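As structure tokens, the structure follows; a few thoughts come after it.
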Amino acid sequence: MKYLNIFVDGVKLDFEVTPDKFYFTYSIKGLEDFTKVGGALTERSLKIPSTNKNDAVFQRWWESSLDNEDASNFKDITIDDGGEFIFKGKCILKKSVLQGATYGVRGVFYQLACYANNTDFIISLDGALMANIPNLPQNLAYNFEVIELGQDGDPDARDYCTGFIKYGNWELADRVRFYECTFLLFLRPLIINLFQSIGYEVQSDFIETEEFKRYCMPLIPFEQTPLEYSPYFGGLIATDTSGFTPNSGALSQLIFDTISTPALTISQPYNTANGKYSNPFFGDYTFKVVLNIKSVVQSFVLQLEANKNGATQLSKDYRYLVANQVQQVVFYYTDTFALTDEVEFFIGGSSIANLYEYELVELVVEASNVPIQTNYPVIPELLLRDYKQNDFLAGVQQIFNLNIEANSFTRIVTIEPADNYITTTDFSPNKNGEGFFNDTVEKGIDTLPQSFLTSESIKLKRNIQYKFKSNDPTSEAIDNGSDIGYNDGVYSFPEDRHKEGTQVIENVFFHKTPTILDEQVRGESSNYNPQFPLLWSENYFEDKSPNFTFNNTVPRIFYSRGRSLEATIRINLPPPFVDNENYRYNQIFMVDYLQYDTGCPALSFSDLTVNNVFVSGLIRRFYIPELKRLQVGKLYELWLFWRNLDISNITFRNKIYLNQSLYIVQQISRYDPTTTESTKTQLLLDAPIQLEDFDNIRNTITNPVIIA
């Protein structure tokens, strides 16, 4: 007879009897919702008796009179059978069962839901912002040296690149100013640092490929930088939590007792030591100070003063006629600031001490439109502040059909495309790159229980449409009336097998971007018009007048090709740059619509033909094997023998070899670690793909290329 040891937050729970029907369930993804990205997901449910020790761990959650809300938080849990680890992950209290007692009611047992593998890191990242990813690039600034390094577009040398994106009309009609480029972060270091921040090491052949290393996302500046300071940028919306503060006579510096979050270490806007604000940007700023004032005398005159770099810039008097009543004053101060300027505020009004008390209600700093200038700083923490880490990961997963499997024991996370994917230079289904499902294992079958073969569990519509988000007015105008929008694609199942209709799978994070071929800034020796991503504030076809603005700040994804080849694509730069009319620049795009050579990947679900060059789309490259399995739809339910060692190191990477065919494990249902009996297991037939399966891809005919 086996006994289980269960530890929650390091405390061994009372669980001294063999559990009755103690089952674990393991699943790779829900067959009903196969569009969900990810790898293995493990969920278990177990009951823990309500003893004194267990009550202490779960804070007597059944006791309504106690403050025990923390019991519903996720806790660390490990389970072993005295020799082998069975489980390591997180648990959360689902319910507590009560029974009547002599003096009321008390708990009988706690029911826990336990999660491991992918759920462990999903919980760890829940609510986390991309601004909190460690090791983001530092010292990015709009100066020649930093921009020129980024123009090389070398992902092995640095974790950022620079490229030209057209947000509006160039400042000079026939050439591009060097400072009109944009900084972009490579995805690979973001993913590695994200997982390292929660204690996981990434192992992935795919993200180490030269192709993936070049995928990047832009740090798009705000139209107003910033629209207002926020807790993500130094906590400048601050409140004095100590209540009303009496003045000390004469002028009192407004140094606030608390700041809601620590200030950034880069260009700190607020110095807690001296109470001064340092401006991290160029431009015109308005400081709004709101105070509640209570005077003890009639006709009291309050004075507010704003100083910049130690010199008074604005002083304003406010007269109060009513004593002992709280009145509010709003003080505005607008000025032009450089990087090193500091501002501070003083409050006063009388040389007689303690004639009034004040309370800070808020301080907000708003900026006007800020032109890019030399040494203009770029702070990733600020520009990534609204993006969530889980959304970012899900967005990357959906593009490349990635499976992520995290091992809670080894702290290694595996990230690969679900299947052997087609490379960019070879479109034969027999010559593929490595994928998530690779090795095969043989399992023993229990011949006694009855097995089933069913396709009814896989409920699919006739068509599956893959697409990027689109809230861009130009993109919406391009796609208007199109059956399949640009960069989107559709896979159609056989008419006699599936229901009518289309299931739309839209990327949860990344938006698509049209391309502009800009003849106006073409270098004199260039063979092609240079291409740029177009992020226009209005519909480009209706309004081509906007100046250079930054108001389309949703996440984008591009491929960074590197500098254009000799005598192919050049742009004009203004003097004094050397060879300014033939500058080789870093090309960034979703699709290379010039295609002067082959082998460049496309961020389009559809296949494309550009300049007589066939470009394989994302459906063809990453989704065909999975779609073929779903199309055949042979889902088997049978009983296999599993061991605790298999379960504790559960992986869904290994295909099962049975009856001379390969299968992918979908679910292991109700595994009991205390017995040696077989366990019901769902297997999906790994149907081999054929060349004719590629004919089921329906491609877009919409052209997102705009000629300037």
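The values are calculated or read from the model by the stated rules, or taken from the named source; none is laboratory data. For clarity, every value in this text was computed on a predicted model and none was experimentally measured. All Cβ positions, even for glycine, are placed from backbone atoms using ideal geometry, and neighbour counts span all protein chains on display. These area figures cover heavy atoms from the full protein model, side chains too; ligands, DNA and RNA do not enter into them. Shrake-Rupley method; radii C 1.70, N 1.55, O 1.52, S 1.80 Å.
Scanning the stretch 87-120 for residues that are surrounded by 16 or more Cβ atoms within 10 Å (Cβ to Cβ) and modelled with pLDDT under 70 returns Ala116, Asn117, Asn118, Thr119, Asp120. Close contacts from the stretch 184-208, counting a first residue that is without any contact (Cβ under 8 Å) to a residue 24 or more places away in the chain and a second that is surrounded by fewer than 22 Cβ atoms within 10 Å (Cβ to Cβ) and hydrophobic (A, V, I, L, M, F, W, C), with Cβ to Cβ under 9 Å and a gap of 6+ residues or different chains, come to Ile192/Val202; Ile192/Ile207. Restricting to the stretch 324-350, name every residue that is surrounded by 13 or more Cβ atoms within 10 Å (Cβ to Cβ), farther than 12 Å from Val289 by Cα and at pLDDT below 75. Passing the criteria: Phe337, Leu339, Asp341, Glu342, Val343, Gly348, Gly349, Ser350. Are any of the residues in the stretch 696-704 touching a residue at least 24 places away in the same chain (Cβ under 8 Å), assigned to a strand (DSSP E or B), in contact with a Leu (Cβ under 9 Å, 6 or more places away or on another chain) and closer than 30 Å to Glu519 by Cβ? Among the residues of the stretch 696-704, at least one is touching a residue at least 24 places away in the same chain (Cβ under 8 Å), assigned to a strand (DSSP E or B), in contact with a Leu (Cβ under 9 Å, 6 or more places away or on another chain) and closer than 30 Å to Glu519 by Cβ, which makes the answer yes. Would a scan of the stretch 127-144 turn up a residue that is at pLDDT below 80 and of a type in the set (Phe, Trp, Tyr)? Checked against the condition, which is being at pLDDT below 80 and of a type in the set (Phe, Trp, Tyr), the stretch 127-144 yields no hits at all. Applying a threshold of 7 Å to beta carbon distances and a minimum spacing of six or more residues, or different chains, the list of pairs starting in the stretch 625-652 at a residue that is closer than 18 Å to Glu495 by Cα and ending at one that is open to solvent by 20 Å² or more (accessible area, probe 1.4 Å) and at pLDDT 85 or above reads Lys628/Ile689; Arg629/Leu685; Arg629/Asp686; Val632/Leu685; Lys634/Leu685.
If we keep just the residues of the stretch 478-521 that are of a type in the set (A, V, I, L, M, F, W, C) and open to solvent by 40 Å² or more (accessible area, probe 1.4 Å), which is farthest from Val610 (Cα to Cα)? Once the filter is applied, the top-ranked residue is Val508.
Restricting the stretch 312-322 to residues that are at pLDDT 75 or above and either at positive phi or over 44 Å from the mean Cα position of the chain (by Cα) (or both), the residue that is least open to solvent (accessible area, probe 1.4 Å) is Tyr318. Of all the criteria given as (1) out of contact with any Pro (no Cβ under 7 Å at 6 or more places or on another chain); (2) in a helix (DSSP H, G or I); (3) open to solvent by 10 Å² or more (accessible area, probe 1.4 Å), the one not satisfied by Val202 is (2). With the requirement that a residue be open to solvent by 10 Å² or more (accessible area, probe 1.4 Å) and not in a helix (DSSP H, G or I), what does the stretch 641-659 give you? Within the stretch 641-659, Phe641, Trp642, Arg643, Asn649, Ile650, Thr651, Arg653, Asn654, Lys655, Tyr657, Leu658, Asn659 meet the criteria. Suppose we filter the stretch 663-688 for residues that are closer than 23 Å to Asn407 by Cβ, open to solvent by 50 Å² or more (accessible area, probe 1.4 Å) and over 34 Å from the mean Cα position of the chain (by Cα); how many remain? Residues in the stretch 663-688 being closer than 23 Å to Asn407 by Cβ, open to solvent by 50 Å² or more (accessible area, probe 1.4 Å) and over 34 Å from the mean Cα position of the chain (by Cα): 0 in total. Looking across the stretch 506-539, just one residue is at pLDDT below 90 and closer than 30 Å to Lys628 by Cβ, and that is Val508. Scoring Ile697 on the criteria (1) open to solvent by less than 20 Å² (accessible area, probe 1.4 Å); (2) touching a Gly at 6+ places or on another chain (Cβ under 6 Å) leaves a single failure, condition (2).
Taking each residue of the stretch 542-563 that is under 27 Å from Ala157 (Cα atoms) and looking for partners that are among the charged types (D, E, K, R) and at pLDDT below 95 with beta-carbon atoms closer than 6 Å, six or more apart or interchain, yields Arg563/Arg584.
Residues considered: Leu683, Leu662, Leu627. Of these, the only one that is within 30 Å of Asp80 (Cβ to Cβ), at pLDDT 85 or above and either in contact with a helix residue (DSSP H, G or I) (Cβ under 9 Å, 6 or more places away or on another chain) or outside any helix (DSSP H, G or I) (or both) is Leu683. Filtered by the rule that a residue be in contact with a helix residue (DSSP H, G or I) (Cβ under 7 Å, 6 or more places away or on another chain), aromatic (Phe, Trp, Tyr) and assigned to a loop (DSSP other than H, G, I, E, B), the stretch 156-191 gives a lone residue, Trp170. Taken together, the residues in the stretch 479-489 that are at pLDDT below 95 and not in a loop (DSSP other than H, G, I, E, B) amount to 1.
Considering Phe622, Phe605, the condition of being touching a strand residue (DSSP E or B) at 6+ places or on another chain (Cβ under 7 Å), in a loop (DSSP other than H, G, I, E, B), at pLDDT 90 or above and open to solvent by less than 20 Å² (accessible area, probe 1.4 Å) is satisfied by Phe605 alone. Of the residues that make up the stretch 146-155, is at least one among the β-branched types (Val, Ile, Thr), part of a helix (DSSP H, G or I) and surrounded by 16 or more Cβ atoms within 10 Å (Cβ to Cβ)? Within the stretch 146-155 (the criterion being among the β-branched types (Val, Ile, Thr), part of a helix (DSSP H, G or I) and surrounded by 16 or more Cβ atoms within 10 Å (Cβ to Cβ)), the answer is yes, since at least one residue qualifies.
Within the stretch 377-391, the set of residues being outside any helix (DSSP H, G or I) and open to solvent by less than 10 Å² (accessible area, probe 1.4 Å) comprises Ile379, Leu384. Scanning the stretch 424-446 for residues that are at pLDDT below 75 and β-branched (Val, Ile, Thr), we see that the one that is surrounded by the fewest Cβ atoms within 10 Å (Cβ to Cβ) is Thr425. Selection of first residues in the stretch 118-147 that are more than 30 Å from Arg653 (Cα to Cα) and of second residues that are modelled with pLDDT of 85 or more and polar (S, T, N, Q), restricted to Cβ pairs under 7 Å at least 6 apart or on distinct chains, gives the following pairs, ordered by first then second residue: Asn135/Asn193; Ile147/Thr162.
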